[in-house]
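Input: a single structure, listed below in structure tokens.
The values are calculated or read from the model by the stated rules, or taken from the named source; none is laboratory data. Not measured: the values here are computed from a predicted model. Here Cβ is always computed from backbone atoms with ideal geometry, including for glycine, and neighbour counts include all displayed protein chains.
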Amino acid sequence: MARNLSARAALLSLALLVGVLLVWQVAVGGVAKTQVMDPEYAALMGQTATTGKSAMPGPMDVGATIWQHLKDPFYDRGPNDKGLGIQLAYSIGRVALGYLLAVIVAIPVGFLIGMSPLMGRALDPFIQLLKPVSPLAWMPLALYTIKDSGLSAIFVIFICSLWPMLINTAFGVSGTRKEWLNVARTLEVGPIRRAFTVILPAAAPTILTGMRISIGIAWLVIVAAEMLVGGTGIGYFVWNEWNNLSINNVIVSILVIGLVGMILDQLLARAQRLVTFPE
Amino acid sequence: MSILPFAGRASAPQTATRTAGTRAMSDDKYISIEGIARRYPAPGGKTSTVFEDMWLPMRRGEFVCMIGHSGCGKTTVLNILAGLEAPTEGVVIAAGEAIEGTSLDRAVIFQGHALLPWRTVLGNVAYAVSSRWRKASKAEVEDRARKAIRTVGLSGSEHKRPSELSGGMKQRVGIARALSIEPKILLMDEPFSALDALTRGTLQDEVRRICVETGQTVFMITHDVDEAIYLADRIVLMTNGPMAKVAEIVENPLPKDRDRTQLHHAPGYYALRNHLIDFLVTRSKTLRDAMPVGYDQRNPPVVRPTLSEADAAAIASTDPVGKRA
């Protein structure tokens, strides 16, 4: 029954995809001649003027562009002409670095907050105040203090990944069941061993939830951050192609950004399943 | 009188085990609760007292059950014995040492089994073993853990996770974990109250078998009168809280080698059962309000409800424990 359902769902997805592609193709295709004009002039004006074809590329054009990118993803012909693979690698690298820094800070601090009600209360106003700030608002401050656009982007990723992980770690740690802690106490387990053998496994599913939210936000923010700082990365690529009026490449970028975001989310979902324990 | 030979036989093996070798006086006070009180801050700057000036001795190798209504501080007493809570006043001596915090010498079997769900059965028991013997090799730890799992009859389920086990099996793992560290004292907080009647019965049998075989000193809290009768050597009755008191310590007259199925035919069974139920129904309330004249909190009265005075005297002459009481 379940297998039947997933097969039917896949079929429906495929049908929807085909439908959307068809509508897209028809919508951007040429309708009719709009003006009679000199052939040389018509060649200059392009199909938009002569046949009423939309400047929006059709699915076939986008498909061709994707194929171009797939054939040679890592070419590098100067600062404004790099392969999609290279641009993605820059973005993923920045996200990975900023995210990793956030993990290093958020998990120990979250532990501290979760284990000490005093620290929890003392830090709470700061967290509440800084959490709702758009990570991009930090950008000028970062540029001014760090004086490096690449590092500033990493800092912005760090800041935006920090909060969900911090809050979830604190929540998971403080929610460790008293009975499990009592087990550790009656077994005279020391604080370090208790942190690693009882509190960490107990809080791990909650911590991973925070990490999953963070990676999603980080991937959202990197595109915007790279549009601002420029130079390299998928966000810069999108903006650059917009300036080139290459809607083709913009659409390809959207698809690729979505794909990478999905993969990152799935990786963390898998990690989450590994540490989740049934009760 | 059919009671006399039965009771006599009952006390004989007890006497034999308890007086074997040269026993120090402390064996009669292997655990000694000495004047403990527990108070909590109450609204309005007052304090509410769960109990105060409580004195209770427990013997080595003895199975003690504590019975009382909710709110009489049973769990607090157990937590103090475990070292999870500290008494507001007073001190508890266990195995010759004042209790300060938790100890591997006192294992706790929790009401809600408290297994770590991310560990397997073997992992849960091995966690306790490796806490007890920190320098033991991995093989030795696993060996001891497997032995404890075998004792509770769970061989073959070592690699299951707690979520794959029934309630009774989970509690068996809890028991194996407690036994695996070879504690001097075993503390149980209503360990079977969450189980169905059938499972409860089998687990009581197991616990009784293991404790009799190993001569384990046990302190157990229960609501269940029949459980106390089947398991305990002595039953401590608590009056209702707040300001609960140890009303009396009831000696269980039933033979040490008890058979669950024949228990209700044993002489003295109904007298004991009625005594306990009468206490829970009425005396736990009346005694809180007014203790009988001559009641001494430091020496709670010890009673043996089945026997007439003549029988008690006869047994006391062969049982040094009875004489002391």
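Residue pairs, Cβ under 7 Å, 6 or more apart or interchain, first in the stretch B:99-116 and facing chain A (nearest Cβ under 8 Å) and crowded, with 19+ Cβ neighbours inside 10 Å, second among the small types (Gly, Ala, Ser) and in a strand (DSSP E or B). List them.
B:ARG106/B:ALA94
Would you confirm whether any residue within the stretch B:200-209 is in contact with a Lys or Arg (Cβ under 6 Å, 6 or more places away or on another chain) and either under 23 Å from B:ALA128 (Cα atoms) or modelled with pLDDT under 90 (or both)?
No, the stretch B:200-209 has no match at all.
Considering only the stretch A:102-122, I want to know if a residue exists there that is more than 20 Å from A:ASN168 (Cα to Cα) and assigned by TED's automatic domain parsing to the domain that holds A:LEU166.
No, every residue in the stretch A:102-122 fails to be more than 20 Å from A:ASN168 (Cα to Cα) and assigned by TED's automatic domain parsing to the domain that holds A:LEU166.
Would you call A:GLY83 within 21 Å of the chain's Cα centre (by Cα) and either surrounded by 15 or more Cβ atoms within 10 Å (Cβ to Cβ) or assigned by TED's automatic domain parsing to the domain that holds A:TYR236 (or both)?
Spelling it out, A:GLY83 is indeed within 21 Å of the chain's Cα centre (by Cα) and either surrounded by 15 or more Cβ atoms within 10 Å (Cβ to Cβ) or assigned by TED's automatic domain parsing to the domain that holds A:TYR236 (or both).
Looking only at the stretch B:146-170, count how many residues are within 13 Å of another protein chain (Cβ to nearest Cβ) and surrounded by 14 or more Cβ atoms within 10 Å (Cβ to Cβ).
6
Output the number of the condition that B:GLY83 fails; it satisfies all remaining conditions of (1) free of Cβ contacts under 8 Å to residues at least 40 places away in the same chain; (2) within 11 Å of chain A (Cβ to nearest Cβ); (3) crowded, with 22+ Cβ neighbours inside 10 Å.
In the conditions (1) free of Cβ contacts under 8 Å to residues at least 40 places away in the same chain; (2) within 11 Å of chain A (Cβ to nearest Cβ); (3) crowded, with 22+ Cβ neighbours inside 10 Å, B:GLY83 misses (3) alone.
Looking at the stretch B:59-114 only, could you name the residues that are of a type in the set (S, T, N, Q), closer than 14 Å to B:PHE219 by Cβ and touching a Lys or Arg at 6+ places or on another chain (Cβ under 6 Å)?
Across the stretch B:59-114, the qualifying residue is only B:THR76.
Quick check, is A:GLN266 of a type in the set (S, T, N, Q), surrounded by 15 or more Cβ atoms within 10 Å (Cβ to Cβ) and within 30 Å of B:SER163 (Cα to Cα)?
No: the conditions fail for A:GLN266.
Quick one: how many residues across the stretch A:246-263 are exposed (fewer than 13 other Cβ atoms within 10 Å of the Cβ) and touching a residue at least 24 places away in the same chain (Cβ under 8 Å)?
Qualifying residue count, the stretch A:246-263: 1.
Are there any helices (runs of 4 or more DSSP H) wholly within the stretch A:1-83 with 3 or more residues that are of a type in the set (Gly, Ala, Ser) and modelled with pLDDT of 90 or more, and if so which?
The qualifying helices (runs of 4 or more DSSP H) are A:2-28.
Just name the residue that is surrounded by the most Cβ atoms within 10 Å (Cβ to Cβ) out of those in the stretch B:131-145 that are in contact with a Leu (Cβ under 9 Å, 6 or more places away or on another chain) and within 11 Å of chain A (Cβ to nearest Cβ).
B:SER131
I need the full set of residues from the stretch A:109-158 which are assigned to a helix (DSSP H, G or I), more than 22 Å from A:PRO201 (Cα to Cα) and of a type in the set (Gly, Ala, Ser), in order please.
A:ALA122, A:ALA137, A:ALA142, A:SER149, A:GLY150, A:SER152, A:ALA153
Where in the stretch B:166-259 are there strands (runs of 3 or more DSSP E), lying wholly inside it, with at least 1 residues that are in contact (Cβ under 8 Å) with a residue 12 or more places away in the chain and touching a Gly at 6+ places or on another chain (Cβ under 8 Å)?
Here the list reads B:217-222, B:234-238, B:246-251.
I'd like to know if the stretch A:250-273 contains one or more residues that are within 14 Å of another protein chain (Cβ to nearest Cβ) and part of a helix (DSSP H, G or I).
yes
Looking at B:PRO255, B:PRO242, B:PRO183, can you tell me which residue is within 14 Å of chain A (Cβ to nearest Cβ) and not hydroxyl-bearing (Ser, Thr, Tyr)?
Answer to the selection: B:PRO183.
State yes or no: is A:GLY190 under 30 Å from B:GLN111 (Cβ atoms) and among the small types (Gly, Ala, Ser)?
In short, yes.
Quick one: which residue in A:ALA96, A:ALA106, A:ALA102 is part of a helix (DSSP H, G or I), without any contact (Cβ under 8 Å) to a residue 12 or more places away in the chain and of a type in the set (Gly, Ala, Ser)?
Criteria check complete, one pass: A:ALA96.
Kindly list the number of the only condition in (1) at pLDDT below 75; (2) surrounded by fewer than 17 Cβ atoms within 10 Å (Cβ to Cβ) that fails for B:TYR40.
The one condition B:TYR40 does not meet is (1).
Consider the stretch A:190-202. How many of its residues are in contact (Cβ under 8 Å) with a residue 40 or more places away in the chain and within 10 Å of another protein chain (Cβ to nearest Cβ)?
1
What's the total number of residues in the stretch B:65-96 that are under 15 Å from the mean Cα position of the chain (by Cα) and β-branched (Val, Ile, Thr)?
Counting residues in the stretch B:65-96 that are under 15 Å from the mean Cα position of the chain (by Cα) and β-branched (Val, Ile, Thr) gives 5.
With (1) surrounded by fewer than 24 Cβ atoms within 10 Å (Cβ to Cβ); (2) within 14 Å of another protein chain (Cβ to nearest Cβ); (3) part of a helix (DSSP H, G or I); (4) not aromatic (Phe, Trp, Tyr) as the list, and A:THR176 as the residue in question, which single condition is left unmet?
It is condition (3) that A:THR176 fails.
If we scan the stretch A:181-189, do we find a residue that is among the β-branched types (Val, Ile, Thr), within 13 Å of chain B (Cβ to nearest Cβ) and in a helix (DSSP H, G or I)?
yes
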